Amino acid sequence: MVHPERLGHLILKVRDLEPSRRFYTEVLGLDLMFESKRPKMALFASHRRDHHEIGLIEVGAQAGSPKPSDIGLYHIAFRLKDEDEVRAAYHELKAKQVPIAFTVHHGLTKSVYFNDPDGYLLEFYCDVSPEEMANYPDLEQATAKLEFAPDDPGLLDHLAAFGAMPGE
């Protein structure tokens, strides 16, 4: 049996590299580690600790989008240090006019979800303390919106939009 040390990187197909490159550097704060013109590709890492964690490769404006019910990638999560950083990230997303897909207190984490220019669902999250986690003995019921984002959709709103309600 193989036992990987950790997930190394992922590569996403995007329609247009330029707006995606700007988004991943200016909104997500990732470092551009390498860019090529042929193929049009950019590689990014957080804190320059790897040659890349995420890569983007341009496939062209004609590329379609998967339907919400198709199998495939659901979201990519970026761990932040604590709730203060999640709150600050939320306000920065709002200031940069990045629409919030939904927020949720998962019981294990506090999370803000949003989309990149190609519609990939991204998440900023922080782990909660063991004491706070104890308040959520049934993690299937941990669907509350974050208290600092009452006007944005919650997890149940998001799931209902593509017909994936818990228990159905």
Selection within the stretch 121-142 - crowded, with 18+ Cβ neighbours inside 10 Å and not aliphatic (A, V, I, L, M): Glu123, Phe124, Tyr125, Cys126
- request: Take the stretch 42-53 and flag every residue that is surrounded by fewer than 17 Cβ atoms within 10 Å (Cβ to Cβ) and not basic (Lys, Arg).
  value: Ser46, His47, Asp50, His51
message: Within the stretch 33-47, does at least one residue satisfy the condition of being farther than 20 Å from Glu123 by Cβ and of a type in the set (S, T, N, Q)?
response: yes
- line: Per the list (1) touching an Asp or Glu at 6+ places or on another chain (Cβ under 9 Å); (2) exposed (fewer than 13 other Cβ atoms within 10 Å of the Cβ); (3) charged (D, E, K, R), residue check on Asp70 breaks on (1)
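FYI, it's all coordinate maths here, none of it is from the lab. Every value quoted in this text rests on a predicted model; they were computed, and no experiment measured them. All Cβ positions, glycine included, derive from the backbone under ideal geometry; neighbour counts span all protein chains shown.
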